[in-house]
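As structure tokens, the structure follows; a few thoughts come after it.
The values are calculated or read from the model by the stated rules, or taken from the named source; none is laboratory data. The structure displayed is predicted, hence computed values, not measured ones. Here Cβ is always computed from backbone atoms with ideal geometry, including for glycine, and neighbour counts include all displayed protein chains. To get the accessible areas, we keep the full protein, side chains included, count just its heavy atoms, and leave off ligands, DNA and RNA. Shrake-Rupley method; radii C 1.70, N 1.55, O 1.52, S 1.80 Å.
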Amino acid sequence: MKLQVENLNFSYNHQKILKDISLHVANGEFVGIIGPNGSGKSTLLKNLYRALTPDSGSIYLDQQNYRDLKVKEIAKKLGVIGQDNALPFDFPVKEIVAMGRSPHKKLFEGDNKEDKEIIENALKKVEMGDMAERNYLYLSGGEKQRVLLARVLAQQTECLVLDEPTNHLDIHHQLRIFDVIKGLGATVLSAIHDLNIAALYCDRIYVMKDGTIYKSGTPEDILTSKTIHEVFNIKTDVRRHPVTKKVMITYLPESIFNKGEEKVV
Amino acid sequence: MFNNIAQRPKGLKETKLIVILSFFLLLMIGTVIFATGMGPVSVHTTTVLQILISKVPIFSNAAGDDWTQLEESIVLGLRLPRVLLGLIVGASLSVTGVALQALVRNHLADPFILGVSSGASATATLGMLFGTFSFLGTYSLSLSAFIGAIVVIVLVYALSRVNGKINMTQLLLSGVAIGLIMESITKLITLSAPNALGLHNATFWMAGSLAGAKWGYLTLPLLAMFLCMTILLINYRALNALLAGDETAGTLGFNVNVIQTMLVLVASLLAGVTIAVSGSIGFVGLMVPHITRLLIGSDHKKVLPVSAFLGGILVVWTDVAARLIIAPEELPIGVLTAIFGGPFFIWLLKRNSRK
């Protein structure tokens, strides 16, 4: 499964939000999008999962243009965890996960044995196997997010688009969720807030700034003190971690290094 | 205490749908038999049963004939159509509530609160006055009520949508405002042209009543209910997904615009057809879906049929109370539902704002 975006433009209230965005995610690749607040990450992802319609440009899923695909066909290929997941009515966890089976079902078709197995396995994968009967509204933030992940897993799509899937989660759950996603071997495009998490999991990273793709490349190429300063306007110390062999970023806040002259080696 | 799933008591939520529906079906049949006998002139339950059985071709001889002509005409001519109309009206209003709640993703939606009932009443009276749809005969009233309902739903929905999301305050306020405007229009029409309107006076439209029930009133609401129920039930997955938000429903493969248009049409049709025969009976569409969800959860596959049954049964018994409380006079049934429904609404509102 390959996801490709070509020259995508989007404006809201006559204000250009996305300017000529082109990107691609190869089969099985884990690609991250980083960038400051308001840089257009969520807007870009919303265009990708059709919550918003681009002004111009094309999106391809395995060489097929979105315009030629039905909503249901896209839902069979592309799973999404968005930002707004408030639920006004209470459902048991398993019914939330069962919603993930929707694109595979005909009108009025119920869940058969196979669906129930898929739902059960999805819950097990996120370690929520014994919570199937619980009410969603009474779960903690981390548990809710894992249920949403299970819903996307039950959708059985080869491609995932995720908008900061570990927002508001503690570090344990952040790692757990990304471990599960990484373990799927799916084609993933995810907005990621935490630069160190991005460094640990991403094969490639796109950096967004002011509605454009500012830079792209491997975490090693992208996550440098210079680029981070250009995009986020902060000072950092970046080095390879001896154990993970991945890039590790330490933030150097002004309250500690207010002179800006001290050189950290 | 309930953390251990194995020890958790099995609630109604795990009960099979077919068991629940059989239970409600029996309850409904019981309701019809008992409620038909009750009123200013009471007819004994066994007599009601005998009269009903005598009308079934095969058993007509087995029933005997030890009842009076008066009892038969009360049961078959007055009470039975009224009870059956109550069932249909209650079911339709509840299902309208479910559809509206899925549309606006809010517990507080109800045809009465959102002004849909008032809109239907206003256009229905207008239609009667000017005879706009009179070429449609008996269905003209229902059609004009449908038009009012759809106009109000679209208006309220458009007014309460802020940045693509339904804003609860906007929803309730625009519902109230449009409802009041529509009520004033109804009042104006009924006061300025009292003769043209005959039976249907202002009180009928604003308070609701099943008193005028005739067999002929049953057909259209029944057909509308079966049609809408079927449409909603085959789309039950879409309704569930819609509760998770427009965007999520889209990513799950549903065409959100189509589903929402369908919900507007279904809710308007049900509300319009119902209000044409019963006036506006408030809060049923609010209370019944909520009680249903407390009993069996939010899955629309269950919520739709169960709330239809529950709503029908509730309206029939409320109507029994309406004709008994100050007998031989009658209370409009809408007065009773508002007395119970109003506080229920306030309770929901408080509960909602605490979340």
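Anything in the range B:201-235 that is open to solvent by 10 Å² or more (accessible area, probe 1.4 Å) and within 14 Å of chain A (Cβ to nearest Cβ)? List them, or say none.
The answer is B:M229, B:T230, B:I231, B:L233, B:I234, B:N235.
So which residues in the range B:88-126 are part of a loop (DSSP other than H, G, I, E, B) and within 14 Å of chain A (Cβ to nearest Cβ), if there are any at all? Step through it out loud before you land on a result.
Quick first cut of the range B:88-126, residues part of a loop (DSSP other than H, G, I, E, B) only: B:105-115.
Listed by number, the residues that qualify are B:R105, B:N106, B:H107, B:L108, B:A109.
Go through the residues of the range A:148-160 one by one and say whether even a single one is open to solvent by 50 Å² or more (accessible area, probe 1.4 Å) and of a type outside the set (S, T, N, Q). Full working, then the answer.
Taking the range A:148-160 as the starting set, the residues that turn out to be open to solvent by 50 Å² or more (accessible area, probe 1.4 Å) are A:156, A:158.
Those left that are additionally of a type outside the set (S, T, N, Q): A:158.
Checked against the condition, which is being open to solvent by 50 Å² or more (accessible area, probe 1.4 Å) and of a type outside the set (S, T, N, Q), the range A:148-160 yields at least one hit.
Could you figure out which of (1) more than 12 Å from chain B (Cβ to nearest Cβ); (2) more than 24 Å from A:P36 (Cα to Cα) isn't true of A:H168?
Checking A:H168 against (1) more than 12 Å from chain B (Cβ to nearest Cβ); (2) more than 24 Å from A:P36 (Cα to Cα), the one that fails is (2).
Residue by residue through the range B:140-179, note down the ones that are touching a residue at least 12 places away in the same chain (Cβ under 8 Å) and in contact with a strand residue (DSSP E or B) (Cβ under 7 Å, 6 or more places away or on another chain).
Answer for the range B:140-179, where residues must be touching a residue at least 12 places away in the same chain (Cβ under 8 Å) and in contact with a strand residue (DSSP E or B) (Cβ under 7 Å, 6 or more places away or on another chain): just B:S160.
Go through the range A:50-73 and give me each residue that's more than 7 Å from chain B (Cβ to nearest Cβ) and open to solvent by 40 Å² or more (accessible area, probe 1.4 Å).
Residues satisfying the conditions are A:L52, A:T53, A:D55, A:S56, A:Y60, A:D62, A:Q63, A:Q64, A:R67, A:D68, A:K70, A:E73.
Could you list, in sequence order, the residues of the range B:41-55 that are of a type outside the set (S, T, Y) and open to solvent by less than 80 Å² (accessible area, probe 1.4 Å)? First the steps, then the outcome.
Initially, the range B:41-55 is screened for residues of a type outside the set (S, T, Y), giving B:41, B:43-44, B:48-53, B:55.
Matches in the range B:41-55: B:V41, B:V43, B:V48, B:L49, B:Q50, B:I51, B:L52, B:I53.
May I ask you to list the residues in the range A:237-250 that are in contact (Cβ under 8 Å) with a residue 40 or more places away in the chain and not aliphatic (A, V, I, L, M)?
Going residue by residue through the range A:237-250, those that are in contact (Cβ under 8 Å) with a residue 40 or more places away in the chain are A:244, A:246-249.
Of everything in the range A:237-250, those that are in contact (Cβ under 8 Å) with a residue 40 or more places away in the chain and not aliphatic (A, V, I, L, M) turn out to be A:T244, A:K246.
Under the condition of being open to solvent by 30 Å² or more (accessible area, probe 1.4 Å) and among the hydroxyl-bearing types (S, T, Y), which residue from the range A:108-146 is nearest to the other protein chains (Cβ to nearest Cβ)?
If we take residues in the range A:108-146 being open to solvent by 30 Å² or more (accessible area, probe 1.4 Å) and among the hydroxyl-bearing types (S, T, Y), then A:Y138 is nearest to the other protein chains (Cβ to nearest Cβ).
Can you tell me which of (1) within 14 Å of chain A (Cβ to nearest Cβ); (2) modelled with pLDDT under 70 is the one B:L17 doesn't meet?
The number of the failed condition is (2).
When the residues of the range B:306-327 are narrowed to those that are over 16 Å from B:V83 (Cα atoms) and out of contact with any Phe, Trp or Tyr (no Cβ under 8 Å at 6 or more places or on another chain), which ends up least open to solvent (accessible area, probe 1.4 Å)? Can you show your working first?
Of the range B:306-327, the ones over 16 Å from B:V83 (Cα atoms) are B:306-307, B:325-327.
Those left that are additionally out of contact with any Phe, Trp or Tyr (no Cβ under 8 Å at 6 or more places or on another chain): B:307, B:325-327.
Numbers: B:S307: 0, B:I325: 103, B:I326: 79, B:A327: 48 Å².
Among them, the one singled out is B:S307.
From (1) under 24 Å from A:K77 (Cα atoms); (2) within 14 Å of chain B (Cβ to nearest Cβ), pick out the condition that doesn't hold for A:Y12.
Result: A:Y12 passes all but (1).
Among the residues of the range B:305-325, is there at least one that is out of contact with any Leu (no Cβ under 6 Å at 6 or more places or on another chain), aliphatic (A, V, I, L, M), within 14 Å of chain A (Cβ to nearest Cβ) and in a helix (DSSP H, G or I)?
No - not one qualifying residue is present in the range B:305-325.
I need a count of the residues in the range A:159-183 that are under 14 Å from A:I81 (Cα atoms) and in contact with a strand residue (DSSP E or B) (Cβ under 8 Å, 6 or more places away or on another chain).
8
With respect to A:N13, is the statement that it is surrounded by 15 or more Cβ atoms within 10 Å (Cβ to Cβ) and of a type in the set (S, T, N, Q) true?
On the way: surrounded by 15 or more Cβ atoms within 10 Å (Cβ to Cβ): no; of a type in the set (S, T, N, Q): yes.
In short, no.
Quick one: which of A:K76, A:K105 is in contact with a Pro (Cβ under 9 Å, 6 or more places away or on another chain) and within 14 Å of chain B (Cβ to nearest Cβ)?
Working: A:K105 fails: in contact with a Pro (Cβ under 9 Å, 6 or more places away or on another chain).
Being in contact with a Pro (Cβ under 9 Å, 6 or more places away or on another chain) and within 14 Å of chain B (Cβ to nearest Cβ) holds for just one of A:K76, A:K105, which is A:K76.
Residues that are among the small types (G, A, S) and either in contact with a Gly (Cβ under 7 Å, 6 or more places away or on another chain) or at pLDDT 80 or above (or both): which helices (runs of 4 or more DSSP H) entirely in the range B:140-207 hold 3 or more of them? Step through it out loud before you land on a result.
Values: elements: B:140-160, B:168-192, B:194-197, B:202-207.
In the range B:140-207, B:140-160, B:168-192 are the helices (runs of 4 or more DSSP H) which contain 3 or more residues that are among the small types (G, A, S) and either in contact with a Gly (Cβ under 7 Å, 6 or more places away or on another chain) or at pLDDT 80 or above (or both).
Are any residues in the range A:31-41 open to solvent by less than 40 Å² (accessible area, probe 1.4 Å) and either out of contact with any helix residue (DSSP H, G or I) (no Cβ under 6 Å at 6 or more places or on another chain) or within 13 Å of chain B (Cβ to nearest Cβ) (or both), and if so, which ones?
Of the range A:31-41, the ones open to solvent by less than 40 Å² (accessible area, probe 1.4 Å) are A:31-36, A:39-41.
Selection gives A:V31, A:S39, A:G40, A:K41.
Across the range A:83-94, what is the total count of residues that are within 7 Å of chain B (Cβ to nearest Cβ) and in contact with a Phe, Trp or Tyr (Cβ under 8 Å, 6 or more places away or on another chain)?
Residues in the range A:83-94 being within 7 Å of chain B (Cβ to nearest Cβ) and in contact with a Phe, Trp or Tyr (Cβ under 8 Å, 6 or more places away or on another chain): 4 in total.
Take the residues of the range A:201-244 that are within 22 Å of A:I21 (Cβ to Cβ) and basic (K, R): which is most open to solvent (accessible area, probe 1.4 Å)?
A:K215
Within the range B:328-340, track down each residue that is closer than 13 Å to B:A211 by Cα and open to solvent by 40 Å² or more (accessible area, probe 1.4 Å). Quick ask: steps written out before the conclusion?
The initial filter retains those residues of the range B:328-340 that are closer than 13 Å to B:A211 by Cα, namely B:328-334.
Selection gives B:P328, B:E329, B:E330, B:L331.
On the basis of being open to solvent by 10 Å² or more (accessible area, probe 1.4 Å), within 14 Å of another protein chain (Cβ to nearest Cβ) and over 12 Å from the mean Cα position of the chain (by Cα), does B:V258 make the cut?
yes
Among the residues of the range B:287-299, is there at least one that is more than 14 Å from chain A (Cβ to nearest Cβ) and either over 13 Å from the mean Cα position of the chain (by Cα) or among the hydroxyl-bearing types (S, T, Y) (or both)?
Here is the first cut: in the range B:287-299, the residues more than 14 Å from chain A (Cβ to nearest Cβ) are B:287-288.
Add one more test, that the residue is either over 13 Å from the mean Cα position of the chain (by Cα) or among the hydroxyl-bearing types (S, T, Y) (or both), and what stays is none.
No.
What about B:F34, is it hydrophobic (A, V, I, L, M, F, W, C), out of contact with any Cys (no Cβ under 6 Å at 6 or more places or on another chain) and under 23 Å from B:S280 (Cβ atoms)?
Considered against the rule, which asks whether it is hydrophobic (A, V, I, L, M, F, W, C), out of contact with any Cys (no Cβ under 6 Å at 6 or more places or on another chain) and under 23 Å from B:S280 (Cβ atoms), B:F34 comes out as no.
Counting only residues that are under 20 Å from B:K165 (Cβ atoms) and among the small types (G, A, S), give me the helices (runs of 4 or more DSSP H) lying completely in the range A:1-109 with at least 1 of them. Write out each step before concluding.
Details: elements: A:41-48, A:71-77, A:93-99.
Output list reads A:41-48.
Just checking, which of B:A241, B:A177 is crowded, with 18+ Cβ neighbours inside 10 Å and aliphatic (A, V, I, L, M)?
Values: B:A177 fails: crowded, with 18+ Cβ neighbours inside 10 Å.
After ruling out the rest, the residue left standing is B:A241.
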